[in-house]
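What follows is a short report on a single structure.
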Amino acid sequence: MKFGQEKIMLDQTKHYISGEWTSSSSDGVLGVINPATGCAIAQIADGTKQDVERAVRAARQAFPAWSTTSTEDRTSMLGRLRSIYQLHLEEMAEAISQEMGAPMRLSRNAHAPSGLEEIDTSIEILQNFEFERSVSEGANTDLIVYEPIGVCGLITPWNWPISQVALKVFPALACGCTVVLKPSELAPLSSLLLARMIDEAGFPSGVFNLVNGRGDTVGAAISSHPSIDMVSFTGSTRAGVSVSQSAALTVKRVTLELGGKSPNILFADCNLDEAVARGIRTCFQNSGQSCNAPTRMLIERSIYDRVVRLAADEAEKIQVGDPTQDGDHIGPVVSQAQFDRIQGLLSVGVAEGARVVAGGLGRPESLNKGFFVRPTVFADVTNTMAIAQTEVFGPVLVIIPFDDEEQAVSMANDTPYGLAAYIETGDHDRGLRVAKRIRAGNVKINGKPRLKRSPFGGYKQSGNGRERGEYGFLEYLEVKAISG
């Protein structure tokens with residue numbers, strides 16, 4: 001299917017099953033809302049259990065042939081897909097900006113390119129991965145064989161729509177698995193565009209399938225389906241529990257990347273101006289809609305008052321505006337429901353006694369439509385407040401003082417989540433020491449960026465399993481030992 005000059009979503013009311021764009025088994029549709037305007041910009045099919053059944057059947061039929069293709073053939077297919085993706089990078093950026101409100105600069109520089117990065121990483125790992133390895137004990141040797149797990153059900157969120165899809169789809173395909181994807185019904189346009197790219201690349205029928213719809217119908221049908229061998233889900237902890245419960249009936253593998261309430265520990269010996277600015281920018285990036293955002297700023301008491309002033313000043317510098325305009329501003333949150341939820345939590349924070357030092361309730365001035373939220377900083381927060389324990393998923397930061405390193409670690413770990421943590425200190429030994437004591441899957445010291453092949457995932461209610469790099473590959477592989 002050629003689509004260079006077409007509108008982005010020609011087939012938005014159809015599913016992609018067995019290499020074809022096919023009508024849903026139901027006439028139901030779901031509106032896709034542009035969060036900057038509150039207006040519908042597209043409709044997608046409201047898929048059903050029957051649509052999932054057709055997609056799973058196609059994936060199951062395609063698995064024997066795809067799983068036995070050579071690594072060279074799969075590398076070639078992914079390389080072809082990469083070339084097509086590169087040609088349509090701007091279309092991808094536009095789709096993401098429209099569906100979830102990401103400003104175009106962020107969409108061009110971060111959202112859309114993340115798909116290319118994950119294709120590149122998958123190709124690199126595929127070319128070097130040892131699918132057969134030996135384990136020896138004395139004179140005896142066993143052959144260890146890594147084999148594709150089978151049909152994979154992939155359920156993805158709206159906040160980093162193509163990034164989260166790419167983290168699942170490309171490793172699964174590279175490993176020889178077949179796929180049934182359910183993207184978020186709030187931000188499905190980027191996934192539909194990717195499906196058109198996969199079709200253009202010529203992947204065999206049934207290797208990749210996409211079914212649109214709601215979590216309680218399509219998602220539930222995927223997680224409970226007896227012919228799906230593995231489910232990978234990214235989203236809220238509540239929904240992750242539901243996926244796990246449904247999947248348990250057929251004892252399938254489940255990987256989960258869930259919520260977070262990540263601590264950002266600032267010690268008095270850090271570069272304070274730089275650390276506060278970095279913390280604010282990282283927390284509010286993507287309108288605060290990142291599961292690993294550093295939303296709890298823990299401050300050594302001797303610098304607390306100064307940090308509160310700096311954080312308030314930095315937050316006031318954050319501009320909120322039209323996603324179609326160029327700039328480093330932030331856009332809206334994704335939906336009316338999310339806007340209302342954030343406003344409710346802001347009210348809870350005030351009622352609990354937290355002090356608003358920047359932002360607050362309501363929309364920013366001059367923005368009287370769309371789901372725009374004021375970048376907000378709370379001071380005088382205790383770690384037991386709801387605003388410090390609940391994942392807000394918006395541009396909201398809480399600041400909490402601590403007295404010493406021991407208390408900082410205790411407070412950092414005093415959360416049901418464990419996805420990420422951040423440490424700012426001039427003492428390298430202390431940074432590493434504290435990082436090892438924090439119960440989180442990812443820790444950044446002094447803003448050092450994570451490598452592309454480094455694993456991503458969490459402890460506790462932030463999920464299980466890992467994505468990215470070889471660690472992500474292993475989630476889609478079974479391990480077989482052959483002796484004799």
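The values are calculated or read from the model by the stated rules, or taken from the named source; none is laboratory data. A quick note: this is a predicted structure, and the numbers were derived from the prediction, not measured. Virtual Cβ from ideal backbone geometry, glycine too; neighbours counted across all protein chains shown.
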Tally, over segment 177-203, of residues that are under 21 Å from GLY150 (Cα atoms) and in contact with a Phe, Trp or Tyr (Cβ under 6 Å, 6 or more places away or on another chain): 5
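Okay, residues lined up against (1) buried (at least 23 other Cβ atoms within 10 Å of the Cβ); (2) outside any loop (DSSP other than H, G, I, E, B); (3) not assigned by TED's automatic domain parsing to the domain that holds CYS291:
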{"site": "VAL373", "(1), (2), (3)": "yes, no, no"}
{"site": "SER410", "(1), (2), (3)": "no, yes, no"}
{"site": "TYR422", "(1), (2), (3)": "yes, yes, no"}
{"site": "GLY426", "(1), (2), (3)": "no, no, no"}
{"site": "ASP429", "(1), (2), (3)": "no, yes, no"}
{"site": "ALA435", "(1), (2), (3)": "no, yes, no"}
Test each condition in (1) crowded, with 22+ Cβ neighbours inside 10 Å; (2) under 29 Å from ALA440 (Cβ atoms) for GLU352 and report the one that comes out false. (1)
With the checklist (1) in contact (Cβ under 8 Å) with a residue 60 or more places away in the chain; (2) farther than 30 Å from ILE400 by Cα; (3) touching a Ser or Thr at 6+ places or on another chain (Cβ under 9 Å) in hand, flag the one item PRO188 doesn't pass. (3)
Just the residues that are assigned to a loop (DSSP other than H, G, I, E, B), more than 21 Å from the chain's Cα centre (by Cα) and touching a residue at least 40 places away in the same chain (Cβ under 8 Å), please, taken from segment 382-403. ASN383, ASP403
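Residues are listed down the side, and each one gets a yes or a no for (1) touching a Ser or Thr at 6+ places or on another chain (Cβ under 8 Å); (2) over 28 Å from VAL169 (Cβ atoms):
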residue: ASP429; (1), (2): no, yes
residue: VAL434; (1), (2): yes, yes
residue: ARG453; (1), (2): yes, no
residue: GLU467; (1), (2): yes, no
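VAL373 - would you say it is touching a residue at least 40 places away in the same chain (Cβ under 8 Å), touching a Lys or Arg at 6+ places or on another chain (Cβ under 8 Å) and closer than 20 Å to GLY260 by Cβ?
yes
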Cβ-Cβ under 9 Å pairs, at least 6 apart or on other chains, segment 39-61 side in the same structural domain as SER205 (by TED's automatic domain parsing) and within 16 Å of SER25 (Cα to Cα), far side buried (at least 21 other Cβ atoms within 10 Å of the Cβ) and of a type in the set (Phe, Trp, Tyr): ALA55/TYR16
Scanning segment 109-129 residue by residue, those in contact with a Leu (Cβ under 8 Å, 6 or more places away or on another chain) and not hydrophobic (A, V, I, L, M, F, W, C) turn out to be PRO113, GLY115, GLU118, SER122
I'm checking my understanding of the structure. Among residues of segment 112-144 that are among the β-branched types (Val, Ile, Thr) and crowded, with 17+ Cβ neighbours inside 10 Å, which one is nearest to ILE162 (Cα to Cα)? ILE119
Of the numbered conditions (1) closer than 24 Å to PRO395 by Cβ; (2) at pLDDT below 95, MET100 fails exactly one; give the number of that condition. (2)
If you check GLU478 against the conditions, is it outside any loop (DSSP other than H, G, I, E, B), surrounded by fewer than 21 Cβ atoms within 10 Å (Cβ to Cβ) and within 21 Å of the chain's Cα centre (by Cα)? no
